[in-house]
1. Please go through segment 20-42 and pick out each residue that is part of a helix (DSSP H, G or I), touching a residue at least 60 places away in the same chain (Cβ under 8 Å) and not aliphatic (A, V, I, L, M).
2. Looking at segment 9-19, is at least one residue part of a loop (DSSP other than H, G, I, E, B), among the basic types (Lys, Arg) and either in contact (Cβ under 8 Å) with a residue 12 or more places away in the chain or surrounded by fewer than 16 Cβ atoms within 10 Å (Cβ to Cβ) (or both)?
3. Residue check, Ala118 against (1) outside any helix (DSSP H, G or I); (2) modelled with pLDDT of 90 or more; (3) of a type in the set (A, V, I, L, M), all met but one. Which one?
4. Any residue at all in segment 43-57 that is within 24 Å of Asp130 (Cβ to Cβ), in contact with a strand residue (DSSP E or B) (Cβ under 6 Å, 6 or more places away or on another chain) and assigned to a helix (DSSP H, G or I)?
5. Among the numbered conditions (1) at negative phi; (2) in a loop (DSSP other than H, G, I, E, B); (3) surrounded by 15 or more Cβ atoms within 10 Å (Cβ to Cβ), tell me where Gly88 comes up short.
6. If you take the residues of segment 95-109 that are among the hydrophobic types (A, V, I, L, M, F, W, C) and not in a helix (DSSP H, G or I), which of them is farthest from Ala149 (Cα to Cα)?
7. Suppose we keep only residues that are touching a residue at least 12 places away in the same chain (Cβ under 8 Å), closer than 17 Å to His73 by Cα and under 19 Å from the mean Cα position of the chain (by Cα) within segment 98-137. Which one would you say is surrounded by the most Cβ atoms within 10 Å (Cβ to Cβ)?
8. Filter segment 67-76 down to residues that are of a type outside the set (A, V, I, L, M, F, W, C) and touching a strand residue (DSSP E or B) at 6+ places or on another chain (Cβ under 9 Å) and give me whichever is farthest from Gln125 (Cα to Cα).
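The values are calculated or read from the model by the stated rules, or taken from the named source; none is laboratory data. Worth saying up front: this structure is predicted, and the values here are computed from it rather than measured. Cβ coordinates were reconstructed from backbone atoms using ideal geometry, including for glycine residues, and neighbour counts include every protein chain displayed.
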Amino acid sequence: MLWCWRHPRAIGAAGRSIGRTDIAVDQRKARRLAHRVRALARREGLAREVWVSPLARSRDVGRHLARWGWRVHVDVRLAEMDFGCWDGRPWSDIAWAEVEDWQQDLLHHAPGGGETLAQLAARVQAFVADTTASGAPRLVVGHGGWLNALLQLPRLLPPAQALAACDWPAPPGHGARVVWPLPQAPGRPLR
């Protein structure tokens with residue numbers, strides 16, 4: 001089982017294509033999220049251990065937990081999707097025709113020459129496989145695109161079909177928690 005949180009809102013990200021661009025978060029918000037991670041671990045009797053992305057907006061939450069004696073694992077597989085030459089640029093500076101090409105096939109088109117959604121899904125799948133193999137639950141602080149890929153994983157893995165932007169959900173809110181696998185409601189199959 002994974003308990004995952006999206007990092008706090010990044011400073012200066014509004015209106016920009018932010019994937020691997022390493023931008024800061026308000027340290028009070030990072031500490032607040034670290035408190036929430038720690039509280040859940042106490043409540044659930046989980047080890048004081050967290051996996052974070054190498055990007056500051058995730059890693060800074062881990063730094064607060066490390067100060068409280070936690071083991072922090074920085075895992076590159078948790079990084080946000082790479083938007084290539086689009087990364088960090090204002091959306092208004094990116095040719096709309098390029099964005100439309102990406103929106104027509106989110107799964108196989110590499111935005112800005114970066115990473116495809118299929119490649120991101122492969123990273124997510126590798127992390128999930130390690131978690132499953134370990135048999136122990138993991139606490140994770142990651143990114144919106146990564147969390148979406150986790151929640152949509154079955155439909156992203158081969159033999160996946162093309163995926164248009166209109167089929168892609170909005171990411172979880174900043175600081176929101178996602179549990180995987182999704183809890184199964186009585187009488188409903190797991191998605």
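1. Across segment 20-42, the qualifying residues are Lys29, Arg32, Arg36.
2. First pass over segment 9-19, keeping only residues part of a loop (DSSP other than H, G, I, E, B): 9, 11-15, 17-19.
Within this subset, residues satisfying the condition of being among the basic types (Lys, Arg) are 9.
Then keep just the ones that are either in contact (Cβ under 8 Å) with a residue 12 or more places away in the chain or surrounded by fewer than 16 Cβ atoms within 10 Å (Cβ to Cβ) (or both); that gives 9.
Within segment 9-19, one or more residues are part of a loop (DSSP other than H, G, I, E, B), among the basic types (Lys, Arg) and either in contact (Cβ under 8 Å) with a residue 12 or more places away in the chain or surrounded by fewer than 16 Cβ atoms within 10 Å (Cβ to Cβ) (or both).
3. (1)
4. Within segment 43-57, one or more residues are within 24 Å of Asp130 (Cβ to Cβ), in contact with a strand residue (DSSP E or B) (Cβ under 6 Å, 6 or more places away or on another chain) and assigned to a helix (DSSP H, G or I).
5. Exception for Gly88: condition (1).
6. My answer is Ala95.
7. Val124
8. We begin by selecting, within segment 67-76, every residue of a type outside the set (A, V, I, L, M, F, W, C); these are 67, 69, 71, 73, 75.
Pick out the ones that are also touching a strand residue (DSSP E or B) at 6+ places or on another chain (Cβ under 9 Å) and you get 71, 73, 75.
Values: Arg71: 23, His73: 18, Asp75: 13 Å.
Once the filter is applied, the top-ranked residue is Arg71.
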